[in-house]
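S.K.: To start, I am sharing the structure in question, which I have written as structure tokens.
Every read-out reported here was derived from the displayed coordinates using simple, explicitly stated rules and does not represent laboratory data. Everything quoted here is computed from the prediction, not taken from an experiment. Please note: Cβ atoms are built from the backbone with ideal geometry, for glycine as well, and neighbour counts cover all protein chains shown.
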Amino acid sequence: MKPFKIAAIPGDGVGKEVVREGIRVLNHIADIDGRFCFSFTHLPWGCEYYLETGAMMPEDGMQLLSEHDAILLGAVGAPGVPDHISLWDLLLRIRKGFDQYVNLRPVKLLKGAPCPLAGGSPEDIDMIFVRENSEGEYAGSGSWLYKGKPNEVVIQDGVFSRFGCERIIRYAYELAREKKKSLTSISKANALNYSMVFWDSVFREVGKEFPDVQTHSYLVDAASMFMVKDPKRFEIVVTSNLFGDILTDLGAAISGGMGLAAGANLNPEKKYPSMFEPIHGSAPDIAGKNISNPLATIWAVGQMLTHFGYPQWEDAIVSAIEEVLVAGEGLTPDLGGSASTTQAADAVIKRLSMQR
Ligand code: IPM
Ligand code: MN
């Protein structure tokens, strides 16, 4: 039996509730499957930890994480701690420190999930976003000159390396080839006359290795319009860090809401652990009430199983979530139900057992 070591970082707010349920689903699947098992290291890092210790994670935190096969993250952020501190010192530190350069985010309208688009259907809204996750607009490069003076100047650089662009674009082409889908690149070369002109040229160059993959290129403004008006244009999508951040929130809105949006931060070479998380935040307004939606985290756990080599379990999880949505049972308030976080996870676990 293959043992996997998982570092669980519930983080803040509803992160604690949803990670608890993600762990329950992982253990349930391990019981049914029998080929693997999980051990968990529970790490109480986050904003509370920061308020007590002055740091979001201990000094040897990255070392400790590196001894695991994967990380399950809940959510980070709390009132009282500036967001740029809590996120740069925990979430972004892990993404960058472990070179998790692929942020893989399904934008798929599940059967039974609500969709605000007129006529929006599961056949038409079925994409996978490949968001660059290590550099670009999130490189953290810049300067702040003459702070507080009348001549104050702030510069935030976008960093697009050939190495960074090629590897994310090649990953997306490979995914499109494997899934026999089209690949759309989203950029903004008309205005960002260095970075995005470069991005587009790398997209064309790498494309020469993939003559079998059908491609499209959109400007980000037009792409956001088409995601609403004609989402079936998009199958596999590759884009920069910030554009991917923004468009995947739009993607979540058209595919059932933030409660269903999962994301994987992958180091495809497996030199470092990858990290799996719901895209939603810590939702302090509903935290501690056990009414947050655990489905995004449960899907993220499915992405973890795909990463470990068991993609049939991600499929099984997605089907179980669809069955729950179609039956309308065990839904949390964000989906119009009155179930608790625990009951929502129970409903998925029940369906997973019934599939067997
Ligand atoms: C996300 C989040 C993060 C991001 C924030 C919290 C730094 O919005 O995972 O999409 O911008 O990447
Ligand atoms: Mn985001």
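S.K.: Determine the percent antiparallel among the DSSP beta bridges restricted to segment 115-255, to the nearest 5.
M.R.: Working: 5 of 18 bridges.
Antiparallel bridges make up about 30 percent of those DSSP assigns within segment 115-255.
S.K.: Right, here's the next one. How big is the convex hull of the Cα atoms of segment 115-255, per residue, in Å³? The partial results should precede the final answer.
M.R.: Details: hull volume 17.3 nm³, N = 141.
With only Cα atoms used, segment 115-255 gives 123 Å³ per residue.
S.K.: So, one more: Which of the aspartates and glutamates could a cross-linker span from K111 if the Cα-Cα distance has to be under 16 Å and same-chain partners fewer than 8 positions apart are dropped?
M.R.: Straight-line reach from K111, under 16 Å: E123, D124, D126, E314, D315, E322, E323, E329.
S.K.: Mind jotting down the three principal axis lengths of segment 1-138 based on Cα atoms? Whole angstrom, largest first.
M.R.: 51, 42, 27
S.K.: Whole-Hz Karplus ³J(HN,Hα) for segment 11-19, in order, using 6.51 cos²θ - 1.76 cosθ + 1.60 and θ = phi - 60°, x for Gly and Pro?
M.R.: x, 10, x, 5, x, 5, 6, 6, 5
S.K.: Using the Cβ atoms and a cut-off under 10 Å, what net charge is assigned to the surroundings of I279, where Lys and Arg are +1 and Asp and Glu are -1?
M.R.: With Lys, Arg at +1 and Asp, Glu at -1, the net is -2.
S.K.: Now a separate question. What percentages, rounded to whole numbers, describe P(r) for the chain computed over all alpha carbon pairs with 20 Å bin width beginning at zero?
M.R.: All Cα pairs, binned at 20 Å, distribute as 30, 59, 11, 0 percent.
S.K.: Suppose every K and R has +1 on its Cβ and every D and E has -1 on its Cβ; what is the size of the dipole of segment 115-255 about the Cα centre, in Debye to the nearest 20?
M.R.: Working: 16 positive and 20 negative charges, 31 e Å.
Once rounded to the nearest 20, the dipole reads 140 debye.
S.K.: So, one more: Let me confirm the definition first: pairs of Lys residues in segment 115-255, 8 or more apart or on different chains, C-alpha distance under 22 Å. How many are there?
M.R.: 10
S.K.: Counting Lys and Arg as +1 and Asp and Glu as -1, each charge on the Cβ, what is the dipole of segment 227-352 about the Cα centre in debye, to the nearest 20? Walk me through the numbers on the way to the answer.
M.R.: On the way: 8 positive and 14 negative charges, 24 e Å.
Approximately 120 debye in magnitude.
S.K.: Moving on. Could you check what % of the DSSP bridge pairs in segment 1-153 are antiparallel, to the nearest 5? It would help to have the intermediate numbers written out before the result.
M.R.: On the way: 8 of 20 bridges.
About 40 percent, rounded to the nearest 5.
S.K.: Before rounding to the nearest 500, sum -39500 (n - 2.57) across all DSSP H runs of length at least 4 in the chain and divide by the residue total; then give [θ] at 222 nm in deg cm²/dmol. It would help to have the intermediate numbers written out before the result.
M.R.: Numbers: 12 runs with 141 residues, N = 356.
The helix-only estimate for the chain comes to -12000 deg cm²/dmol at 222 nm.
S.K.: Please report, in debye to the nearest 20, how large the charge dipole of the chain is about its Cα centre when each Lys and Arg carries +1 at its beta carbon and each Asp and Glu carries -1 there. It would help to have the intermediate numbers written out before the result.
M.R.: Working: 34 positive and 44 negative charges, 111 e Å.
Dipole magnitude for the chain comes out near 540 debye.
S.K.: Could I ask something else about it? What number do you get for segment 255-298 when its Cα radius of gyration is normalised by 2.2 N^0.38 Å, N = residues?
M.R.: On the way: Rg = 12.9 Å, N = 44, 2.2 N^0.38 = 9.3 Å.
Scaled against compact globular proteins, the figure is 1.39.
S.K.: Could you list the chymotrypsin sites (Phe, Trp or Tyr not before Pro) in segment 184-249 that lie in coil according to DSSP, counting only those with at most 15 other Cβ atoms within 10 Å of their Cβ?
M.R.: When the chymotrypsin sites (Phe, Trp or Tyr not before Pro) of segment 184-249 are filtered for loop state and at most 15 Cβ neighbours within 10 Å, Y194 remain.
S.K.: Restricting the count to DSSP beta bridges whose residues both fall in the chain, what percent are antiparallel, rounded to a multiple of 5? Intermediate values should be presented prior to the final figure.
M.R.: On the way: 19 of 47 bridges.
Given both bridge residues lie in the chain, the antiparallel proportion sits at roughly 40 percent.
S.K.: Once the other residues with Cβ under 15 Å from the Cβ of V76 are scored (Lys, Arg +1; Asp, Glu -1), what is the net sum?
M.R.: The answer is -3.
S.K.: Using packing as a proxy for protection, rank 69-82, 162-175 so that the peptide with the highest average count of other Cβ atoms within 10 Å comes first.
M.R.: Numbers: 69-82: 21.0, 162-175: 19.5.
Answer by packing, highest mean first, reads 69-82, 162-175.
S.K.: Please compute the net charge surrounding I168, taking Lys and Arg as +1 and Asp and Glu as -1 over other residues with Cβ under 12 Å from its Cβ. Please report the intermediate quantities before stating the final value.
M.R.: Working: positive: R131, R162, R167, R170; negative: D99, E132, E135, E166, E174.
It works out to a net charge of -1.
S.K.: DSSP loop (so not H, G, I, E, B), at most 16 other Cβ within 10 Å: list which trypsin sites (Lys or Arg not before Pro) in segment 52-142 pass both filters.
M.R.: Details: sites: R93, R95, K96, K108, K111, R131; in loops: K111.
Passing both the DSSP loop test and the Cβ count: K111.
S.K.: With θ set to phi - 60° and the Karplus curve 6.51 cos²θ - 1.76 cosθ + 1.60, what are the ³J(HN,Hα) couplings of segment 79-89 in order, to the nearest whole Hz, using x for Gly and Pro?
M.R.: Once θ is set to phi - 60°, the couplings for segment 79-89 become x, x, 10, x, 4, 5, 7, 4, 7, 5, 8 Hz.
S.K.: Taking the dipole about the Cα centre of the chain, with the C-beta of Lys and Arg at +1 and of Asp and Glu at -1, give me whichever of L104, A176, L43 is farthest to the positive side.
M.R.: Sorting the options by dipole projection puts first A176.
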